[in-house]
Every structure is written in C-alpha cells, then in structure tokens.
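The values are calculated or read from the model by the stated rules, or taken from the named source; none is laboratory data. Keep in mind that this is a model prediction, so the values were computed, not measured. Note: ideal-geometry Cβ built from the backbone for every residue, glycine included; neighbour counts use all protein chains shown.
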Amino acid sequence: MRLVVRLMTGVALLALAPRAAFAHAALLRTTPAANSHLAAAPAQVALLFSEPLEVSLASLTLVGPDDASIPLTAAGDPHDVHRLIASLPGGVAAGRWRIRYHVVSADGHPVNGEFAFTVGAASASPPASAAPASAAQADAAAHPADEPQAAATPDFPPAAALLRGIAMALLMALGGTLWFFAVPGQPRDRAPSGAWRLLLTLAVLAALFLAAHLAAWTMHVAPAHRLDAATIGGAIASATGRVELWRTALALLALWALALGRRPRIALAFTVAALAVSGAIGHSAAIASEWTIPARALHLLAGAAWMGGLLWLVILAISADAATLTSEAHRVSRVALVSIIVVAISGLVQGLFFLPNVAALFHTTYGLVLLAKVAVLLVLFGFGAYHRQRVLPRIGSEGGAPGFRTSLRAELAVMCLAALLGGALAYLPPDAHDAPAPTHLTTP
C-alpha cells in the first residue's frame, strides 16, 4: 500500500501545472460572424468547433425573423474535420436571422446552441454578445475580429449514465471472473457449483445493459431525442456509434461463447476486447487520445481483474474447501495488488489530461464527481489492505467464516458504486463550470 500511495503522490504532483482540456465541442468561430450586419445574405454558413465532429449526427436550422424554421443540409468541410458548413436557401430577406446547431463531438456528446446575424439595416437593439467559453478564449485572442459563441452545456442524461455504469460494472465483473475461472486452467469438474450460473448471468445482463445503453446514447445525441431509422443510421455512421456497436457485439459474442459453445477462454477473449474497445469511447476519444485511450483501457481491465477476483472468492467461500480457498485467496490478493497500482496510475493519467487545472476539481461538477470516485477508491484500497494484512494470514482456519464473505460483498458493493460514478463522469464535461448558459443559447 505504501507503494500505491507513493505512486499516486508522484503522479498527482504533475497535476499542479495547468493543462488545456476541452469539455465537449465548443463553437470557436462562425461565418458570418456572430451578431454581424451584412448588406446581403451569405451563400453559406460555416461553424468552426474545438473538436472534430460527427457529421452524420449534426443538424443546422435557419430561423427567420418570424421564427419560421428552415432545416439546412449540414456537411463536413473536407479540409477541416472541426468545421461544419451548409448552403443557405434563396430568399433570405432583410432582418435578424439565427442559426441553431446541434453537433456531436468526437467524445460522443451532443452540444446545442445558436448564433445570429442581421441582413440589411442594423437592428436598433442588437443582441448582447455571449461570454466565450473556456475552449474559445484563446481562439478569440487570435481572431479579435470574430465574436466566438459559447457552446451550450448539454443536459446530463441520468438514464444513459446509469445504464453505462451498470453495463460496465457487469462487463468488468464478467471479464474478471472469467479470467480466474479460465486462464489458470481451473479444471471444470472442480470449479465451484455456482460458477457457470454466475458467468451466464453476468454475460446475459452485460449484453442487455450494453444494448440498452447504446439505445439511450443514440436517443441522447439525436436532435429530437427520438429513436427512429434516421437517428439509428446517423449513429451507426458516426465513429462513436460504431465503437459502441462493436462493444455491444463483442459482449454478445462472449455470451454466445458461454451459452452455446461453453468455451470460457473464447468468452474471455471477447470480453477483454469489449473492455479494451471501451477505452476509445468518451472523453478519451477526444482529449490526448494517444495517452488517455490506453490509460482508460488499462483502468477498465485492471478494475475487471480486481472485481472478478472478489466475485471468485465469494463463490469459493460458499462451496470450496479451506485449502482451495486459501490458495485462491492468495492468488486473488496478488492480482488485486497489481490491479490497485494500475487503477491508481491510469486514473491519475486520465485526470491529468481531462481537467484543465487543479481548481476544476472543486469548481466543476465533473471535478466533484471525480473526487467522490477517488474517495470510493480509497475505501477500496482500505478493504484491500484489511484483507491482505488481517484476513489472509488466518484464512486457512477461518476462510469459511461469514465475516469474510460479508467483507467481500461489501467491497463488491463499493466497487459497483465506483463503476456508477464512472458512468456519470463519462457524460459530464471536464471543464464546464456550473454557470448559467448565455441567454441567447438553447440547451438541449
């Protein structure tokens, strides 16, 4: 445990330096410029964002002086993945016009907003300009002639976040339990009686919850928040949607390998692949991906080994003899120690890149939830230290005691809470302060 504390302290010191981090896509510049006055209507509009965009999920709408809405055909700029363009129809008369946008950034999260421009004579009361978002401030300094618009903070989808947390907890539990069941060559006839039943239950539930999360995410990113053919097609055409689909498909293949093939090692391979793919979903896909995607994948895989070891001991404590339980408890403890170190380091690496500075830990919802997850992990470290120093030395004689099973189940419950907090973090922007959105922007 001293090694873990030293590693966490060393990496945490690096976080004292401010770092650039973007939450979701922030609107940096528009053409025509926001709140500009034009003699004639432009032929097209262009929006430049801080992140690459999922064009298949983008939506632009032209709103006239009479509040009539005209859908525009949004397209990506072939020369810039951060830029969205659309041609304006004919007949744009004098008056104040607005462009409403709905975009999905590389991290798979939607952002809505709007900007205005005036054609013809200037309005007597031009709208107040918006304060730029943090992601746009540097760009504004470099382009003083433009007036960047803040991206509206997207709604937090509790259902999607909860489904993601539950699905990842189930997938991690499945992968870790499969590892202890299959990799070391545990003879199938000597395996605990409830092992197969538990593995099949985890596989079914993981596939179901991942599919449910995919549907919830698709509805969340859709402009109208509906699950229809157009929305599904746009989601599948997006990079994030394809990765989500791959993860769900790999979980289904793991279920197939267990339920029909009864091949735990093949199921383990599919589950590990699903966990590794999960590293490329969310903030890690958009922020320092060369570092954060591997860190996220390692975080999930190490957590899976930790959680699976606990489940494995719970099963053994019910039906295994004292000698088997003692041997397996020591093996789980060794794996858990390595997992703790990997979880701590990979989590800190992600925090380094996702948070713009240390102050964001205390002034953003993301930072506060992250602190809650750190507190939960510290409780888990305490459980690990207790089991390693107090339980293992006497497990041969007391391994079947109810107190041991109770502490294992309590640790599993705390670990599930950590997974749920992880699901919430996936849908919270790391650098979005809790200030009200500018009044001229629409929130989803």
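Scanning segment 192-213 for residues being of a type in the set (Phe, Trp, Tyr) and closer than 17 Å to Ala317 by Cα gives a total of 1. Of all residues in segment 354-365, those that are buried (at least 19 other Cβ atoms within 10 Å of the Cβ) and either among the small types (Gly, Ala, Ser) or at pLDDT 90 or above (or both) total 1. Of the residues making up segment 45-64, none is at positive phi and surrounded by 17 or more Cβ atoms within 10 Å (Cβ to Cβ).
Yes/no matrix, rows are residues, columns are (1) crowded, with 23+ Cβ neighbours inside 10 Å; (2) over 27 Å from Thr177 (Cα atoms); (3) among the aromatic types (Phe, Trp, Tyr):
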residue: Ala211; (1), (2), (3): no, no, no
residue: Thr218; (1), (2), (3): yes, yes, no
residue: Ala235; (1), (2), (3): yes, yes, no
residue: Thr240; (1), (2), (3): yes, yes, no
residue: Trp246; (1), (2), (3): no, no, yes
residue: Leu260; (1), (2), (3): no, no, no
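Let's see how each residue does on (1) basic (Lys, Arg); (2) modelled with pLDDT under 85; (3) surrounded by fewer than 21 Cβ atoms within 10 Å (Cβ to Cβ):
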{"residue": "Val11", "(1), (2), (3)": "no, yes, yes"}
{"residue": "Pro18", "(1), (2), (3)": "no, yes, yes"}
{"residue": "Ala23", "(1), (2), (3)": "no, yes, no"}
{"residue": "Leu28", "(1), (2), (3)": "no, no, no"}
{"residue": "Ala33", "(1), (2), (3)": "no, no, yes"}
{"residue": "Gly76", "(1), (2), (3)": "no, no, yes"}
{"residue": "Leu84", "(1), (2), (3)": "no, no, no"}
{"residue": "Gly91", "(1), (2), (3)": "no, yes, yes"}
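Please determine whether any residue of segment 186-209 is modelled with pLDDT of 95 or more and among the aromatic types (Phe, Trp, Tyr). The answer is yes, given that some residue of segment 186-209 is modelled with pLDDT of 95 or more and among the aromatic types (Phe, Trp, Tyr). I'd like to check something: does segment 395-402 contain any residue that is hydrophobic (A, V, I, L, M, F, W, C), closer than 19 Å to Ala317 by Cα and at pLDDT below 90? Scanning segment 395-402, I find at least one residue that is hydrophobic (A, V, I, L, M, F, W, C), closer than 19 Å to Ala317 by Cα and at pLDDT below 90, so the answer is yes. Does Leu311 satisfy being touching a Leu at 6+ places or on another chain (Cβ under 6 Å) and either crowded, with 16+ Cβ neighbours inside 10 Å or among the β-branched types (Val, Ile, Thr) (or both)? It is false that Leu311 is touching a Leu at 6+ places or on another chain (Cβ under 6 Å) and either crowded, with 16+ Cβ neighbours inside 10 Å or among the β-branched types (Val, Ile, Thr) (or both).
Of the residues in segment 262-275, at least one is more than 15 Å from the chain's Cα centre (by Cα), outside any helix (DSSP H, G or I) and at pLDDT 90 or above. Among the residues of segment 282-310, the one identified as among the β-branched types (Val, Ile, Thr) and modelled with pLDDT under 90 is Ile287.
Restricting attention to segment 311-328, the residues that are under 13 Å from Val391 (Cα atoms) and modelled with pLDDT of 85 or more total 1. Being within 21 Å of Asp107 (Cα to Cα) and without any contact (Cβ under 8 Å) to a residue 12 or more places away in the chain is the filter here, so list the residues in segment 237-282 that pass it. Arg242, Ala249 - these are the residues of segment 237-282 that are within 21 Å of Asp107 (Cα to Cα) and without any contact (Cβ under 8 Å) to a residue 12 or more places away in the chain.
Kindly indicate which of Ala305, Ala297 is without any contact (Cβ under 8 Å) to a residue 40 or more places away in the chain and closer than 22 Å to Leu178 by Cα. Checking each option against the conditions leaves just Ala297. Screening the candidates Ser346, Ser339, Ser333 for the property of being under 16 Å from Ser278 (Cβ atoms), among the hydroxyl-bearing types (Ser, Thr, Tyr), at pLDDT 85 or above and in a helix (DSSP H, G or I) yields one hit, Ser346.
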